[in-house]
Structure formats: C-alpha cells, structure tokens
Amino acid sequence: MGEFGLEHAPLRERARAALAQPHLRRNLRRATDRFMEARASAFAQLADPDGLRATARALRARTVARLPELLEQFAERLLARGAHVHWAADAASARHYIGEVARRHGVRKAVKSKSMASEEIGLNRYLEELGIQVVETDLGEWIVQLAGETPSHILVPAIHKDRRQIAALFGQVAGSRVPEEPAALAAFARACLRDEFLQADMGISGVNFGVAASGSLVLVTNEGNGRMVTSLPRVHVALMGMERLVADLAELDVLLALLARSATGQALSAYTSIITGPRRPGEADGPEELHVVILDNGRSALLGSDLQEALHCIRCGACLNVCPVYRQIGGHAYGWVYSGPIGAVLTPALLPSAAARELPLASSLCGACWQACPVGIPLHDLLLRLRRRRPPAGMAERLAWRVWVALWGSPRLYRWSLGVVAALAPLTRWQGLSRLPLASRWARGRALPRVPSQGFRHWWRENG
Amino acid sequence: MQRQPGKVALLVTCVVDALAPGTGAAVVRVLRRRGIEVVFPQDQGCCGQPAWNSGLVREAALVARPTLKALARALARGAEAVVCPSGSCTTMCRVHWPELFSLAGMAAEAQEARRVGERVLEFSELVARLPALPTRPDGRRVALHHSCHMLREELGLRHQPVMLAERAGCQVLPWPGAERCCGFGGTFSVKLPELSAAMAEEKLRELDSLCPEALIGCDTSCLLHLAGRARARGRDLVVTHLAEVLDAAESGHG
C-alpha cells in the first residue's frame, strides 16, 4: 500500500494539497464535464433509461444475493473449459499465486491491460521484486506507470494529466520531443507497446464481468489492448474481484448497455471480448494456459451486511465524474485505489486501516452519485452508514455534540440559546470573532454570516 | 394533498429561526395571502440533520424529538400539512426521520415520524400547487441555485422553484453550475473547510461571467454559505430565499 497516500497524511491535508494544484482542477473539470455531457446524450437516446436502471438494479441485487452459489458455478464452468481457478482470500494469496505461475513459466516480461484489482493487491511491485518486467498497455495506465504514479480515476487512470504533461513524459521516454497532438501521442504509445506485446511471456488482465452460466470472462476496452494481452502471450492470468459476476448473458446484455453509456457515453465500447477458456486444439491464437484468480480481499464480509450494495458496482466511474468533491480534489487525495464516492465507500469497507475510516467524510452527501449510478447504488446512504460506524474522534467535537444535545434537546433551552445568539449579534460584526476556535473553521474562505439581533420568533410575536 | 389546505403548521428550521427571520416571515405572508391559516408550533427546534449526517443517531433523535412532537401536536389540532422553507430539512423529516427514530430504538416516535413526515411539504412544493396571485414583476435577472436535496428523486423539485421565480417576474438565467452542490453539506463545511469553500468558489466563478442581479434558492444554509464565500472574495452577491422574492413581488402589487 506504500504507493498510496492514505497513511501519509489525514484526509483534510490530502484535500488541501490537491486544492493547491490549479492544473489538476482544470484538467478534472474539463474531462469530467465532457464525460457527463456524453453520458447525458447517450442516455437520452434510450427509450426508457429509468426503466433500464431499475432492471439493472434488480439484476445486481439478485446476483449478489446468490453470489456464493453463482461463483461455484462459474468456477466449475471455468474448470470444464480447461482454465485454472484460484480463490484468493486476500491480496497476498493472489499475488503469491500469480508469482508462482510466472515462476513456473519462466516469465521475464508481463503485459497488462487495466485492472484496478491488480492495483488493489499491489501486483506490479510484487512481480517487479521477483525480477519480472511489468508493462501496462492501457494508454492511461501506461502514462501513470511511466510517471511513477497510481491511477487517479477507476476508468481513466491519467485523467489528472493534460496533453502537455503527457507529451513531456513521452519526450523523456523517447529522448526527443513528442508533439502535443493526441494522434501523435497515441501513435508513439502504439509503437512502443507493439513490441512489448510480442515479447511478453504473460498477459495479465482484469475482468469486467464473469459470466456464471458459461464460465466466460468479459473484457471491455477502447484500445484493443485487452485483446492483445489475452491472446498473444503464452499465459493469461485474469484477476477478478469476486463481485464482478453476472448470472448469464441476459444480465450481461443489460449491464453492457449501461456500462459504456455511463462511463464514456458510448453505446458500446470499441472492443467487447468474451473469453471462454484457453486456446483449444485447432485454434489459431489464444494462450496455452488460462488462470483465473477470484479475489475476495474483504468483499465477502460485505455480504449480508448493510454495505452489500457496494458489491453491485460495475466500475463505470459515473459517480466520480458527477461528484463535486472528486471534481475539486481528484482521485489521489482519496488515498487508495478506488476514488470518488464508490472509493469513499469501498476503501473503509475493504481496508482494516484506521485512516480509511475517515473517507466517508469526503462527501457533502449531495446524492449526485446515487442519481448517476447506472445500477442505483444509494451511495450517499452507504456513506452515512459508514459514518455511523465511526464516532467523532476528538474530545472537543464530542463535547460540542454533548452541549448541542443538552441545549437543543429541550424546547426551552433551544429558545434560550437562540436568544443568546441574538443578544450576541453585534459580536458578529467584530473581525476577531473569525479567529475563535469554532468560527475559524467556517471562516476559512468564507465570511461569517451576519446574525440579526431579532430572530424569527420576535417577528412571530408581533405578527403571528 | 392536491387541494388547498385551510391551515398549515410552519417548520421554520433552526437556520431561518436564528439567522434569516425574513425568510420565515415571507413564507407566512405568501400563505396568508392565499387565505391559509399559518400556525407556528413554539416547541419546535432543529430537525436533527447535523448529527444525522455526522453519523450520530442518538444525538440526532434526541434533538429531533421535540420538533417531531411539536409538529404532531399541530397536526392533531387541525393543521393539514407542515410547510418548511428548506429542501434538506424537508428531506430529513419526510425521508430520514422514520429510519432515525427506529435506529435510535424509539419505536413510538418512528411510527409518529411516518405520519408526520409524509405531511411535510417544502415551500415551493406547496406554493406551486396554489393559485398564482398578481404581482408587481421583480424584473431582475437572477440565477437559481438548485440545492441537492431539492433535486434528488426523494423530493424531485426541479421545476417548481423556477416556475415560482418566473411567476414573481424574475428572468431565470441558465448556468452550468446550477445543479452542482455548493459545498455546504452541514458539518462537511467545517470538517473540510478548504474543500467546501473551493466548491462554493467554482459556482461563484461561473456566476462572475453571468452577472446575475441576485442568486436565489430554497435552502438558507446553502445560500448563507455561498454569500459568505462571495463576501470573503470581496463581492457582495445579493442572495435571497425564493419565499422572499415571491413575497416581495406579490406585496408590491397594487
């Protein structure tokens, strides 16, 4: 977890550090606005977007409720197709298994298509420590890897960078200037990555959906790199969060219709691959071996809990794009793999870290995430449930709440306190007030409200 | 309730009670002008939202209980609905109160909260159903801040505030940030003050190019936060609750 900021500084400081980068906010605003517009027009073309969303929500609820049984079925079908299955209880188990597969096959180079689960288990660093070169092949993920950073968006890893920054980075790799035009940048990346695909001994991918009925792995990409990763190298390892399962192709159909529309505003992503088993005799391409690692890492503990709905997520990133908090601070300030509203839920739900428990505070509870979620996860409710598990930390805050309850729990004392506020009204014109402990937090960037010397009840006595 | 109520109870909200008495007065006048009797249950206080949003169930329930009781008594004495000049407090009472009191182990209050909650109407929600009265048109170019709780599917009040502002004779200007959270978020604004102010700042920056003559909205807390940010950056933005805009336009007539 070393690459992530969670343990390095408290949330407020991470947010402040992000806010101090005007570039970051400009890049985020530009990108997320574009995604939201595209999403809106993609949904406008659907006959009944609300109905589809309701259907998807019901399907996810049904599948996640049957998850253990469906996973068994999925694993059976995978084995029947000649794949290997590893149940990873935690990150270490997943890393170790993948490392063993690599060792058995004498892997020197692995190419990867984007997988947030692999970020979650710290796979790249682990394999590099084993002496294996790991190359990310999703363009955004490659950019982030070259920069020595972590993804700042679950779908668009380099969303925090603009093309100038990317051209500068590529220039360092090329040893010469790379033009800032998107087409030139993509061409440069393609040329570099083509060789990597051909040289790699192992391909590592994530899984957008596993299909229980057929034991198929579904991969959705826009760059085609997923196809190269899963078909060129001798060995393919697919890492899948255990909740990324659909019961059958009918459920897949509904979710695919929503995934690309919610993510990028496309009706479908450019490449949708459905992989069922390794290469069979007589087939021209495909890996000799297929290993599927099904990752728990804290997920099964959410089954049957009041956070179960977090497992409905299809990782479209729409909640990040609409989130007014994400828009200001970006993904890195959240401190772990998953950012935005779903990250603020998943991080404390999956990580036993005390620092993670602060994340549900990174929301104004505006509910934009819930409204944007294609499978209707009530993210603002989940954030509230997590807040209930974390009592206020500081003595001062606990005391403040106690005083609040003592006064406002009684109508008489409530009225008295309002009288005190009104009597102190002239004080609110005094500049020094904004330096007092409670007021100073509000006064950070905002003038204190001018308190009237007569409240509503005074008006009511005269006019009621 | 589709028909016009004869008598309503006012849930004024603690913010308006202490900081924006003019908004409460405007609500009363707008309703009285339509022949509705308004009562003000004296024992009401806060709806408990600050503690609820901080994850403090017991604290929220203890503070919300007197307000629940006061409203229940008013309804028992003939008020047909409760009117509240805040989208977020309306959502608290209507949507969250039943869950709050059951989580706090107060079964009787949870029952009562279901009965009371469904009769709480947000100001624009109620007034949009009532007849339009003649006005002296306001005539200003205004921006409307759609607060989050108004927009969410629980209340779904997107068009009512616009319609009422236009009825008051305002020219409501479209702007990109109209539906984005202002960054208030209750205790969020003091827990992460820099972030909260940055969210307000972005909205205000969008208004700089629009140059509205006023910013109007339906949640006083959001409006005070935005006004506070505007003053801190050295611009006095006229910020007004919709009830006051409508009341001024109607009282100016004749």
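Work out the P(r) tail for the range B:121-254: percent of alpha carbon pairs separated by more than 23 Å, whole number.
31 percent
Rounded to the nearest 500, what is chain B's calculated 222 nm mean residue ellipticity when only DSSP H runs of at least 4 contribute -39500 (n - 2.57) each, over all residues? If you can, show how the numbers build up before the last one.
Working: 14 runs with 129 residues, N = 254.
Taking each H run of at least 4 residues, the total per residue is -14500 deg cm²/dmol.
Based on the mean of other beta carbon atoms within 10 Å per residue, what is the order of A:164-176, A:130-142, B:105-117, most packed first?
Values: A:164-176: 14.6, A:130-142: 21.0, B:105-117: 17.0.
Result, highest mean Cβ count within 10 Å first: A:130-142, B:105-117, A:164-176.
Determine how many Å³ per residue the convex hull of the Cα atoms of the protein assembly as shown encloses.
Convex hull of Cα atoms, per residue: 164 Å³.
Lysines near A:Lys114 by alpha-carbon distance under 21 Å, same-chain residues fewer than 8 away left out - which ones?
Straight-distance partners of A:Lys114: A:Lys161.
List the residues whose amide H sits under 5 Å from the amide H of A:His291, counting only those 5 or more places along or on another chain, with H placed 1.01 Å from N in the peptide plane.
Here the answer is A:His84, A:His236, A:Val237, A:Ala238, since their amide H atoms fall under 5 Å of that of A:His291.
Mind listing the Cα extents of chain B along all three principal axes, in Å, largest one first?
52, 47, 29
In square nanometres, what is one fourth of the surface area of the convex hull spanned by the alpha carbons of the range B:1-66?
That works out to 5.5 nm².
Placing unit charges on C-beta atoms (Lys and Arg positive, Asp and Glu negative, everything else neutral), compute the dipole magnitude of chain A about its Cα centre in debye, rounded to 20.
2420 debye
Using only Cα atoms, figure out Rg for the range A:149-253 and give it as a multiple of 2.2 N^0.38 Å.
It is 1.31.
Can you give the local net charge around A:Leu255? Use residues other than it whose beta-carbon is closer than 14 angstrom to its beta-carbon, Lys and Arg +1, Asp and Glu -1.
Working: positive: A:Arg53, A:Arg57, A:Arg60, A:Arg62, A:Arg244, A:Arg261, A:Arg315; negative: A:Glu243, A:Asp248, A:Glu251, A:Asp253.
So the environment of A:Leu255 carries a net charge of +3.
I need the phi-derived Karplus couplings for the range A:29-44: 6.51 cos²θ - 1.76 cosθ + 1.60, θ = phi - 60°, integer Hz, Gly and Pro marked x.
Per-residue couplings from phi come out as 4, 4, 5, 5, 4, 5, 5, 5, 5, 4, 5, 4, 6, 5, 6, 5 Hz.
Mind listing the phi-derived Karplus ³J(HN,Hα) values for the range A:306-312, rounded to whole Hz, using 6.51, -1.76 and 1.60 with θ = phi - 60°, and x for any glycine or proline?
6, 10, 3, 4, 4, 7, 6
If you take all C-alpha pairs in the range A:1-96, what percent of them are over 19 Å apart? Write down the numbers at each step before the final one.
Values: 3353 of 4560 pairs.
Everything past 19 Å amounts to 74 percent.
I'd like the mean, over residues of A:447-459, of how many other protein chain beta carbons sit within 10 Å of each residue's own Cβ.
6
Name the cysteines of chain A that stand alone by the Cβ rule: no other cysteine Cβ under 4.7 angstrom.
Singleton cysteines: A:Cys192, A:Cys313, A:Cys316, A:Cys323, A:Cys373.
For A:Gln266 and A:Arg163 in one chain, what is 0.36 nm times their gap in residues minus the Cα-Cα distance, to one decimal in nm? Intermediate results must be reported in sequence, preceding the final value.
Values: separation 103, 0.36 × 103 = 37.08 nm, distance 2.22 nm.
Value of the extension gain: 34.9 nm.
Taking every residue in A:392-403, how many Cβ atoms of other protein chains lie within 10 Å of its Cβ, on average?
Across A:392-403, the average partner-chain Cβ count within 10 Å equals 2.
For B:Lys191, give me every one of the aspartates and glutamates with a C-alpha distance below 14 angstrom, ignoring sequence neighbours fewer than eight places off in its own chain.
In chain and number order, the partners are A:Glu13, A:Glu358, A:Glu397.
Is there a simple number for the mean count of other chain Cβ atoms within 10 Å of the Cβ of residues in A:357-367, and what is it?
6
Which order, highest average first, do A:396-404, B:52-60, B:71-79 follow once you tally other Cβ atoms within 10 Å for each residue and take the mean per peptide?
B:52-60, B:71-79, A:396-404
Computed FRET efficiency, Cβ-Cβ of A:Arg30 and B:Asp236, R0 35 Å: what is it to the nearest 0.05?
Efficiency for this residue pair is about 0.70.
Could you sort B:23-35, A:245-257 so that the peptide with the highest average Cβ count within 10 Å comes first and the rest follow in order?
Values: B:23-35: 21.2, A:245-257: 18.5.
Highest-to-lowest ranking by the protection proxy: B:23-35, A:245-257.
Rounded to a whole number, what is D in µm²/s for the range B:110-185 from Stokes-Einstein with the Kirkwood radius over alpha-carbon pairs (25 °C, 0.890 mPa s)?
Approximately 173 µm²/s, per Stokes-Einstein.
Add +1 for every Lys or Arg and -1 for every Asp or Glu among the other residues with Cβ under 13 Å from the Cβ of A:Leu427, and state the total.
Summing Lys/Arg as +1 and Asp/Glu as -1 gives +3.
With Rg and the Kirkwood Rh both taken from Cα atoms, where does Rg over Rh land for the range A:177-236?
My calculation of the ratio gives 1.10.
On the first, second and third principal axes, largest extent first, how far apart are the outermost C-alpha atoms of the range A:226-277 in Å?
33, 24, 17
Given only helices, namely DSSP H runs of n ≥ 4 each adding -39500 (n - 2.57), what is the per-residue ellipticity at 222 nm of chain A, to the nearest 500 deg cm²/dmol?
After summing the helix terms and dividing by residue count, I get -15000 deg cm²/dmol.
Calculate, in whole percent, how much of the Cα-Cα pair population of the range A:286-424 lies beyond 19 Å.
Working: 5821 of 9591 pairs.
In whole percent, the share of Cα-Cα pairs in the range A:286-424 beyond 19 Å is 61.
Report Rg(Cα)/(2.2 N^0.38 Å) for the range B:21-140, keeping two decimals.
Computed over Cα atoms of the range B:21-140, the ratio equals 1.15.
Could you list which residues have their amide H under 5 Å from that of A:Val134, counting only those 5 or more apart in sequence or on another chain, with H placed in the peptide plane?
A:Ala110
In chain A, if the dipole is taken from +1 on Lys/Arg beta carbons and -1 on Asp/Glu beta carbons about the Cα centre, which of A:Pro426, A:Cys319, A:Ile275 is farthest to the positive end?
Result: A:Pro426.
Could you identify which residue out of B:Leu11, B:Leu237, B:Leu195 has the top mean-square fluctuation in a GNM of chain B using Cα springs shorter than 10 Å?
Highest fluctuation among the options: B:Leu195.
Which value, in debye to the nearest 20, gives the size of the charge dipole of the range A:349-464 about its Cα centre, when Lys and Arg are +1 and Asp and Glu are -1 at the Cβ? Let's see the in-between values first.
Details: 18 positive and 4 negative charges, 55 e Å.
Computed about the Cα centre, the dipole is about 260 debye.
For the pair A:His96 and B:Leu133, how long in nm is the line joining their label points, each one 7 Å along Cα→Cβ?
7.6 nm
Where is the GNM fluctuation largest for chain B (alpha-carbon springs, 10 angstrom cutoff): B:Leu192, B:Leu215, B:Leu164?
Its mean-square fluctuation being the largest, the pick is B:Leu192.
FYI, it's all coordinate maths here, none of it is from the lab. Bear in mind that the values here come from a model prediction, so they are computed numbers and not experimental data. Because the Cβ atoms are built from the backbone with ideal geometry, glycine has one as well, and the counts that use them run over all protein chains shown.
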